[in-house]
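Comments concern the structure below.
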Amino acid sequence: MMLDLKAIGEYICFLREKHNLTQYELADKLYVTHQAVSKWETGKSIPNIEVMVSLTKLLQSMNYFYVVTR
């Protein structure tokens, strides 16, 4: 099973916008750079497992893991 980086990125972007956060604001809350958030949202990379857990808690969405394994 391969990860769909584009789908993951689109979902991160959707949730970020749903919570009215900019990439800079999300990055600050996760202690990462805004460039990292941009890479996730464009499907160039994905967050590591620690950031993924924090991201899920912050954006209140367990569906994130569903997208990752889909």
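Quick notes on this one:
- Principal-axis tilt of helix 5-18 within the chain, Cα atoms, nearest 10 degrees: 40
- Carbon and sulfur %, accessible surface of the chain computed with the full protein complex present, 1.4 Å: 56
- Per residue accessible area in Å² of the chain, where ligands, DNA and RNA are left out and the probe is 1.4 Å: 68
- For the chain, the mean projected area of the C-alpha convex hull, equal to one quarter of the hull surface, is 4.0 nm².
- Residue-averaged [θ]222 nm for the chain, counting only DSSP H segments that reach four residues, each worth -39500 (n - 2.57): -20000 deg cm²/dmol
- Summing charges over all other residues whose Cβ lies under 15 Å from the Cβ of residue 54, with Lys and Arg as +1 and Asp and Glu as -1, gives 0.
- Excluding same-chain neighbours fewer than eight residues apart, the lysines reachable from residue 44 by a Cα-Cα span under 19 Å are 6.
- Degrees separating the helix 49-59 axis from the principal Cα axis of the chain, which is the longest one: 60
The values are calculated or read from the model by the stated rules, or taken from the named source; none is laboratory data. Nothing here was measured: the structure is a model prediction, and the numbers come from that model. Note: ideal-geometry Cβ built from the backbone for every residue, glycine included; neighbour counts use all protein chains shown. With ligands, DNA and RNA removed, areas are computed over all heavy atoms of the protein, side chains included. Shrake-Rupley method; radii C 1.70, N 1.55, O 1.52, S 1.80 Å.
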